Amino acid sequence: MDKKEVKMKFQIMPPKPGTCPECAVKHPPEYPHHAHSLFYQYKFYGEHGRWPTWVDAMAHCSDEIKDATMDVLKKGVKVNA
């Protein structure tokens with residue numbers, strides 16, 4: 001019996017209205033995307049061929065927001081969506 005290669009394809013539903021179109025989480029545009037959002041992870045992977053990091057998620061942010069985000073992450077504060 002020959003083995004057949006099965007390619008699976010799936011789609012994630014679009015983000016809920018009123019949420020960020022990049023990560024599907026409600027946050028101000030100047031804040032980082034939620035790096036642990038499955039929507040963000042798969043969207044980013046589809047565009048870049050790798051999984052995102054918090055550095056990727058806050059690339060569009062000001063230096064002040066980046067610094068504040070890194071402080072929170074270094075303290076190990078749990079970030080919930």
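The values are calculated or read from the model by the stated rules, or taken from the named source; none is laboratory data. This is a predicted model, so every value here is computed, not measured. Neighbour counts are summed over all protein chains in view; Cβ atoms, including those assigned to glycine, are modelled from backbone coordinates with ideal geometry.
Can you name the residue in segment 1-36 that is touching a helix residue (DSSP H, G or I) at 6+ places or on another chain (Cβ under 8 Å) and not hydrophobic (A, V, I, L, M, F, W, C) and, of all such residues, is surrounded by the most Cβ atoms within 10 Å (Cβ to Cβ)?
HIS33
Do we find a residue being charged (D, E, K, R), within 30 Å of PHE10 (Cβ to Cβ) and at pLDDT 95 or above anywhere in segment 53-66?
Yes, that holds for at least one residue.
Hey, can you tell me all the residues within segment 33-77 that are of a type in the set (D, E, K, R) and under 15 Å from the mean Cα position of the chain (by Cα)?
LYS43, GLU47, ARG50, ASP56
Restricting to segment 37-77, name every residue that is buried (at least 16 other Cβ atoms within 10 Å of the Cβ) and assigned to a loop (DSSP other than H, G, I, E, B).
The answer is SER37, PRO52, MET58, CYS61.
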